[in-house]
1. In terms of modelled amide H atoms, which long-range or inter-chain residues lie less than 5 Å from the amide H of His170?
2. About the Cα centre of segment 38-102, how large is the charge dipole given +1 on each Lys and Arg Cβ and -1 on each Asp and Glu Cβ? Please answer in debye to the nearest 20.
3. When the chain is fully extended, how far beyond the present Cα-Cα distance does Asp114 get from Val35, taking 0.36 nm per residue of separation?
4. Kindly flag which residue pairs out of Lys69/Lys109; Lys127/Lys152; Lys65/Lys109 have an alpha-carbon separation exceeding 18 Å in this structure.
Amino acid sequence: MTKKFLSFLFIALTIAYGCNQAPKENAEEASADTVLLTVATFDTSASYYVDQPVWIEGTVLHTCKHGGKRMFLVDGNDSIMVEVTTGPDIVMFDESLVGSRVNVLGILKEERIDEKYLNEWEAELMKPAEENHEAGVHEGTKGHEEQPKEAKLEQINALRNQIASSGSDHISRYSIEAISFQEIPTVEEEIVVEEE
């Protein structure tokens, strides 16, 4: 009984310690005050860490086709997504990342969406025969690159309504500008590596 308890305690402590550690490859890039965030609590905690270094782990739900400058992380509940953008040292997020677990070190960014922002986005949409996939709020949904102009205009109106009901002159969208990231191997991949 005591052996089983001690074994269980050792495993629990090992897991708890491992979950709170930054990946060794990126440890030198993170400072002692780097915050560990979760996808589940990102919406409620992001405003406290704007322009600060953060770690986050999640499953890649989507990468943007046009340039691969964005990926969206989920963690069990696809209703909460965290947008991660490429930083100065990252060229792109490859589509092969979709479905992978990743650990990201980055700077938490705030984008304020106000009437000026929406007017500029609307004007961009009205330009003839031009498509700017970098303009506007990206929700991380598959096929957002091919959305018709009418759908984007509906999104603008929905954001206007959201601002009006917020009691503020803007709403904030938070994302992480990646400094570095790494794929987390699955248990099966780790077993294969150990067997070799």
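Laboratory data are not the source of any read-out in this text; all were calculated from the coordinates shown. All values derive from a computational prediction rather than experimental measurement. Cβ coordinates were reconstructed from backbone atoms using ideal geometry, including for glycine residues, and neighbour counts include every protein chain displayed.
1. none
2. Around 140 debye, computed over segment 38-102.
3. Computed gain between Asp114 and Val35 is 25.6 nm.
4. Lys65/Lys109
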